[in-house]
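Below is one structure, written out as structure tokens; the observations come after it.
The values are calculated or read from the model by the stated rules, or taken from the named source; none is laboratory data. None of these values were measured; they are calculated from a predicted model. Cβ atoms come from the backbone with ideal geometry, glycine included; neighbour counts cover every protein chain shown. Quick note on the areas: whole protein, heavy atoms, side chains included, nothing else; ligands and nucleic acids left out. Shrake-Rupley method; radii C 1.70, N 1.55, O 1.52, S 1.80 Å.
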Amino acid sequence: MHSVVLTKGVPDFREGQVAFDEDGHLERGNTPTVMNPNDKHALRTALQTKVRHGGTLSVMSMGPPGYGDVLREAMETVYADDLYLLSDRELAASDTWATAITLATGLQKMENQPDLVFAGFKTADGETGHTGPQACWCLDWPIITHVVALDVDEDEGTVRAKRLVEGDIEEIETVEAPTPAFIVADPEFEPTYRKAAHRLTLKDLRAETKERAENHEEHLTTWDHADLNLDPDYIGLDGSPTIVSSVDPIPKAPAEREATVVDPDDGEGMGEVFEAMEPFADGRSEAAGD
Amino acid sequence: MTGGLIYAEESAPYTIDGIFPGFREHATERPVTDYYIHNIAGEQVRTFDITEGHERDTEWADAVLRRKMDSWMAEQVHEITREAGGGLLTEVKVNGLLREDGEIIGVTCEELDPIKADFVVAADGVNSELAREAGLMDWEEPEEWFQGVKAVVDMPGDAINERFGITDEEGEAHLFSGDLYDGVRGGGFLYTNQDSLCIGNVFHLDSIVEEEAEVQDLLDALLTHPVLAQWLGEEYDEREYSAKLVPDSKKAANPSPHQGRLALVGDAGGQMQAQGPIIKGMNHAVTAGALAAEAFVEARSRGEPDSAGERYERRLHDEGVMDKLRPTRYEVASALSENDTATRLAERALDSSVGRLGVRMADRAGLLETAYSSPYLATMMPDTKTPYVTLPTIIGEAVTACPVSAEDFGGGCYRDETVQSNGDEKRVVSLDTQPCVECGTCAIVADTQWEHPSGGKGVEFREG
Ligand SMILES: Cc1cc2nc3c(=O)[nH]c(=O)nc-3n(C[C@H](O)[C@H](O)[C@H](O)COP(=O)(O)OP(=O)(O)OC[C@H]3O[C@@H](n4cnc5c(N)ncnc54)[C@H](O)[C@@H]3O)c2cc1C
Ligand SMILES: Cc1cc2nc3c(=O)[nH]c(=O)nc-3n(C[C@H](O)[C@H](O)[C@H](O)COP(=O)(O)OP(=O)(O)OC[C@H]3O[C@@H](n4cnc5c(N)ncnc54)[C@H](O)[C@@H]3O)c2cc1C
Ligand code: SF4
């Protein structure tokens, strides 16, 4: 069994990390890059597969050379054996199409051909959700999206998955596909380890990976467009049919409630608070009485 | 959690450092080089040096904090067992016995599929659900239990050295008994760690119930007593408060702690010896665990794996462990009042001491020190009227006995309130397990349906 997880670095959109300029545009230079939060679902699904079925696991990303920390985080999360970075100037400014072509080519070049490739649901910055399916289309493999449970039959060479239909938690269908196949995990995917042996494997992997992640660069393979034998006309900016005409900040939603700040030492103010709370106080004493 | 001192007994077939080399270096705090007991009567304090009694049959005894100790041991155990294809799993709650045709064949877990096993060693502590499910232990009689509460008090190593007059390689143990506990039978302890102190009380559960004592107040009584001010000064920081039941092996230790493929070790089997004020639980748990392993190895190598339980029981008796836990002479003494000198001595020292006066009189005769230093006499002390080691009633009683609840305080597990409804006054006791420290007390004193929470979800002690 060999699996590959695709992951991307995105600006850290968390409060306190992200920086915007006066026009509300993202300042990439002042915002740290982190692993796409949504890729955790792909990573967890891949890890569960590795724990249950053994084998090896690689992480692949297309991005600038500074993606070291992103790859390291991915390695720590998924206890990956090795890392692949597809990176050079010619790949810069790729849209989803060019990204997909590059990733598919990278996957084909791997010595150890994957049985399963896991992609995230969508990224925190691009949010198209196209990259995984497009890369799969390039490879002409089956794809199962919105996966919430997964099982592999290695002897039969099949993967069986439960998927949400139209993202509906109420409706779940079970599908089967031959490997190699593409898997896109749904955020509802919860890995389960109900066997003592699986938990012990997990513990072993954690211990092994701790060391590996410290020297993650030793386990990193970087390929540029020449290594991948890709024509610069079909990748990067030149190979990207998408045109971004403009980016508009989303206006802040208007507040629906009014809030007043009252200092607890302000007797008059607190009096008003208690008055306002009066109708609710009755309810409480009734509740306590029964 | 624990109180603090782990013993390596000379007479024991196994000691913890024998099983885990490097234990003292990595997992313990300070050794006990001096041991004192303080009898407090009003403003008066009588101090006895019981180092000699403590050292009898003691190869070494070190103070421990269980978080540090258990973390280190968990690593060792995982490494050793991994080599054999097993391993240590944490954050898993074992919630029952797996049976086939009525026979125990393994355990069931909340977070995992059932695990089949040739031999199940229940080392799940004083509130062992496995032991109760198998009918080997119960939660019935408060007389069989103590309740222990403890505060870990912050104190830099230098300050400890200076205030106790010791070096980094030395440590002290102090026990406290007397009238600071308002008649609740029990006593207090103080042990020195590297940069903290363990200070706590151990009381007879039935006494806490009888006296309707608030156990936190009793701990405060100790912490704020002038005797402790010499070490604690005016201000001190408590790092942690914890509590747990402690079985009294003399009554609770199951002499035949096994059934089918299940064997009980440690507190799960009631193997907690109160040798007078000296409390020995961890060392016996270690020994019992090793004897159970030995028994299984032998049983399997003889092709009779089902005889492991029997072999374990035999070892407990042959190695003298059961006699320490349930001394026959205790049973004889308590039943017949044996007419030998030692018993008379004990009676004079202890039974006559109805009240503090007795303690002082006995002290004058030098008897008390003798008694505290004699392992034989000390064995009997918890059940005499001497106020050392001594402790908790129906829901209402649970409020006082619960170590995190108090009658006038709304923040603990149990809240006891009088509410008005339709002109009537009603007494309401409500339970909120959020602050529960999982001591199990209420299961005994108030018959609550207390259970351990799921793996990784319960109280987590940072010090232990
Ligand atoms: C309308 C639009 C216009 C854009 N125009 C430009 C542009 O002009 N210049 C420019 O630089 N960028 C542009 N982008 C951004 C760029 O196309 C995407 O960031 C990138 O192709 C990945 O797509 P995504 O972020 O939508 O990922 P999604 O398709 O949402 O990601 C799904 C999954 O695919 C995988 N994946 C995605 N990207 C990578 C990657 N790089 N490496 C490995 N795995 C990956 C991950 O598993 C991820 O979870 C544009 C995006 C949009 C939506
Ligand atoms: C205040 C106080 C002072 C004490 N002083 C001393 C002293 O100085 N010296 C001494 O030797 N002893 C002392 N003791 C007694 C000592 O703490 C115990 O005898 C000893 O800890 C027993 O060890 P054990 O391994 O049997 O159980 P424990 O140490 O209680 O360990 C049981 C373990 O099992 C786990 N567990 C329980 N149920 C489950 C379940 N269902 N599934 C999975 N895991 C579970 C628990 O989380 C715990 O980690 C004291 C006790 C107290 C309360
Ligand atoms: S609720 Fe019960 S188990 Fe919890 S701390 Fe109180 S007495 Fe102990």
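Worth a mention:
- Those residues of region A:34-47 which are under 22 Å from A:Ile250 (Cβ atoms) and buried (at least 18 other Cβ atoms within 10 Å of the Cβ), in sequence order: A:Asn36, A:Asn38
- Enumerated strands (runs of 3 or more DSSP E) restricted to region B:53-118, each holding at least 2 residues that are within 28 Å of the chain's Cα centre (by Cα) and either within 14 Å of another protein chain (Cβ to nearest Cβ) or within 16 Å of ligand 3 (Cβ to nearest atom) (or both): B:94-100, B:103-109
- Verdict on B:Gly135 being on the phi > 0 side of the Ramachandran plot, open to solvent by 50 Å² or more (accessible area, probe 1.4 Å) and touching a strand residue (DSSP E or B) at 6+ places or on another chain (Cβ under 8 Å): yes
- So B:Asp113, is it farther than 25 Å from B:Gly440 by Cα and touching a Pro at 6+ places or on another chain (Cβ under 6 Å): no
- For region A:233-280, a residue qualifies if it is surrounded by fewer than 10 Cβ atoms within 10 Å (Cβ to Cβ) and either charged (D, E, K, R) or in contact with a Lys or Arg (Cβ under 9 Å, 6 or more places away or on another chain) (or both), and the qualifying residues are A:Asp233, A:Asp248, A:Lys252, A:Glu256, A:Arg257, A:Glu258, A:Asp263, A:Asp265, A:Glu268, A:Glu275, A:Glu278.
- Condition broken by B:Val126, with the remaining ones in (1) of a type in the set (A, V, I, L, M); (2) near ligand 2 (Cβ under 10 Å from one of its atoms); (3) open to solvent by 20 Å² or more (accessible area, probe 1.4 Å) satisfied: (3)
- Residue check for B:Lys251: more than 8 Å from ligand 2 (Cβ to nearest atom), in contact with a helix residue (DSSP H, G or I) (Cβ under 9 Å, 6 or more places away or on another chain) and either of a type in the set (Lys, Arg) or over 29 Å from B:Cys402 (Cα atoms) (or both): yes
- Check on B:Ile40, outside the structural domain of B:Pro403 (by TED's automatic domain parsing) and open to solvent by 20 Å² or more (accessible area, probe 1.4 Å): no
- Matching option when the condition is open to solvent by 30 Å² or more (accessible area, probe 1.4 Å) and out of contact with any helix residue (DSSP H, G or I) (no Cβ under 6 Å at 6 or more places or on another chain), among B:His284, B:His317: B:His317
- Only one of the listed residues (B:Glu141, B:Glu170) is farther than 21 Å from B:Cys442 by Cα, open to solvent by 60 Å² or more (accessible area, probe 1.4 Å) and away from ligand 2 (no atom under 14 Å from the Cβ). That residue is B:Glu170.
- Those residues of region A:18-43 which are of a type outside the set (A, V, I, L, M, F, W, C) and in a loop (DSSP other than H, G, I, E, B), in sequence order: A:Asp21, A:Glu22, A:Asp23, A:Gly24, A:His25, A:Glu27, A:Thr31, A:Pro32, A:Asn36, A:Pro37, A:Asn38
- Answer residue from region B:46-81, given it is within 15 Å of ligand 2 (Cβ to nearest atom), among the β-branched types (Val, Ile, Thr) and out of contact with any Phe, Trp or Tyr (no Cβ under 8 Å at 6 or more places or on another chain) and is most open to solvent (accessible area, probe 1.4 Å) among those: B:Val77
- Exactly one residue out of B:Ala229, B:Ala268, B:Ala263 is over 13 Å from the mean Cα position of the chain (by Cα), outside the structural domain of B:Ala151 (by TED's automatic domain parsing) and not aromatic (Phe, Trp, Tyr), and it is B:Ala263.
- For B:Tyr14, the conditions (1) more than 26 Å from B:Ile199 (Cβ to Cβ); (2) surrounded by fewer than 17 Cβ atoms within 10 Å (Cβ to Cβ) all hold with the exception of (2).
- Counted residues, region A:185-224 - those being aliphatic (A, V, I, L, M) and within 13 Å of another protein chain (Cβ to nearest Cβ): 6
- The residue that is nearest to the other protein chains (Cβ to nearest Cβ), among those in region B:1-43 that are over 18 Å from B:Gly157 (Cα atoms) and either within 16 Å of ligand 1 (Cβ to nearest atom) or polar (S, T, N, Q) (or both), is B:Thr2.
- Qualifying residue in region B:137-150 (condition: more than 16 Å from B:Pro247 (Cα to Cα) and small (Gly, Ala, Ser)): no
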